[in-house]
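The values are calculated or read from the model by the stated rules, or taken from the named source; none is laboratory data. Remember, predicted model here, so these are calculated numbers, not experimental data. Positions of Cβ are backbone-derived with ideal geometry, glycine not excepted, and every protein chain shown enters the neighbour counts.
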Amino acid sequence: MNEFLLLKKIYQTASAHKSIIIGPGDDMALIAIDEDELLCGVDQLIVGKHVTTETPPALIGQKAIARCFSDLAAMGGLPIGSLMTAAMPPEIDESWAMSVFEGARVAAEKWGGPIVGGDIASTEKNVQPMFTVTAFGTIPTVAVKRNNAQVGDVIYVTGKIGNSIANHHLHFTPRIKEAQLLIDSVEINTMIDISDGLGQDASHLASVNTQLVIDTAMIPLREGATIPSAIADGEDYELLFTCATKPPKDLATPIGFVQQRNALDPKVITTAGEDISNLGWTHE
């Protein structure tokens, strides 16, 4: 099963509704409720895939929350609440499970979206635990979408990327604060959080008419990272965005530009012309 292809097929069957402002295909959905707007999105964490079986349970809970809240940040949202579900085998120790939920609770409250409900289900024996977080948020100004890059935009990234597996992927803070500062400073045309890899996630910002060009020499590398790992590894949860004006220097680093694209051209290339559109986590 290829996750992206399956999601594409599912999205094609989605029905339009007057309350849905932003539907499937972005980081989160945006729904109109009378005069208000609500962001909502869901993410999963599977032990043995997104974390190891040896990962401390409190950090598992924290990452489950952080992954979903990172999507909120990418849309320019502020968290207001969340739901959490778990599917675990019967042999799971209750104290381990409680540590997971406590880690999640502390993180959710810290970042402004406390857990307000959820559900627990039992699986068959010897199945790895799975946790799902649904986050809700508000939009202080305007929702930032994917796939709206403009020719002439500069590409920016917050923080540093690469070698996230060494430590960062378990300890990152969703860039909620940074997103708000950026939105207040410049007009961001499009934005995404880097979870599947710089190359692959950057491709979501391109369109049929726009191509992203990455200058690999300008990528801010995390300690121990290489250019290939920064492009393909993922799990960075930094913000990748494009805009026409220069944001404050302490918030982001320029790493490329947006240019005209012909329909058959790659969505993302390096300045050397290498196609990096598909470099990243393979969802199969």
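Note on region 201-250: residues that are aromatic (Phe, Trp, Tyr) and surrounded by fewer than 21 Cβ atoms within 10 Å (Cβ to Cβ) total 0. Suppose the filter is among the β-branched types (Val, Ile, Thr), surrounded by fewer than 17 Cβ atoms within 10 Å (Cβ to Cβ) and over 26 Å from Thr55 (Cβ atoms); does Ile183 pass it? For Ile183, the condition - among the β-branched types (Val, Ile, Thr), surrounded by fewer than 17 Cβ atoms within 10 Å (Cβ to Cβ) and over 26 Å from Thr55 (Cβ atoms) - is not met.
The set of residues in region 52-66 that are in contact with a Leu (Cβ under 8 Å, 6 or more places away or on another chain), surrounded by 21 or more Cβ atoms within 10 Å (Cβ to Cβ) and more than 14 Å from Leu83 (Cβ to Cβ) comprises Ile60, Gln62, Lys63. As for region 113-122, it holds no residue that is under 28 Å from Gly197 (Cα atoms), of a type in the set (Val, Ile, Thr) and surrounded by 15 or more Cβ atoms within 10 Å (Cβ to Cβ). Among the residues of region 46-85, those that are touching a strand residue (DSSP E or B) at 6+ places or on another chain (Cβ under 7 Å) and assigned to a helix (DSSP H, G or I) comprise Ile60, Lys63, Ala64, Ile65, Arg67, Cys68, Phe69, Ser70, Asp71, Leu72, Ala73, Ala74.
Residue count for region 144-157 satisfying the condition of being out of contact with any Asp or Glu (no Cβ under 7 Å at 6 or more places or on another chain), crowded, with 20+ Cβ neighbours inside 10 Å and not acidic (Asp, Glu): 4.
In this structure, is Asn278 part of a loop (DSSP other than H, G, I, E, B) and either in contact with an Asp or Glu (Cβ under 6 Å, 6 or more places away or on another chain) or touching a residue at least 40 places away in the same chain (Cβ under 8 Å) (or both)? Yes. When region 126-142 is filtered for residues that are more than 15 Å from the chain's Cα centre (by Cα) and aliphatic (A, V, I, L, M), the ones remaining, listed by number, are Val127, Met130, Ile139, Val142.
Only one of the listed residues (Gly152, Gly159, Gly197, Gly137) is touching a Gly at 6+ places or on another chain (Cβ under 7 Å) and closer than 24 Å to Thr271 by Cβ. That residue is Gly197.
Here Pro57 fulfils each of the conditions (1) out of contact with any Gly (no Cβ under 9 Å at 6 or more places or on another chain); (2) touching a residue at least 24 places away in the same chain (Cβ under 8 Å); (3) farther than 26 Å from Ala143 by Cβ apart from (1). Does any residue of region 232-240 turn out to be of a type in the set (A, V, I, L, M, F, W, C) and either part of a loop (DSSP other than H, G, I, E, B) or out of contact with any Gly (no Cβ under 7 Å at 6 or more places or on another chain) (or both)? For region 232-240, residues of a type in the set (A, V, I, L, M, F, W, C) and either part of a loop (DSSP other than H, G, I, E, B) or out of contact with any Gly (no Cβ under 7 Å at 6 or more places or on another chain) (or both): present.
Let me confirm something: among Ser99, Ser95, Ser70, which residue is of a type in the set (S, T, N, Q), under 21 Å from the mean Cα position of the chain (by Cα) and either under 26 Å from Glu238 (Cβ atoms) or modelled with pLDDT of 95 or more (or both)? After applying the criteria, what remains is Ser70.
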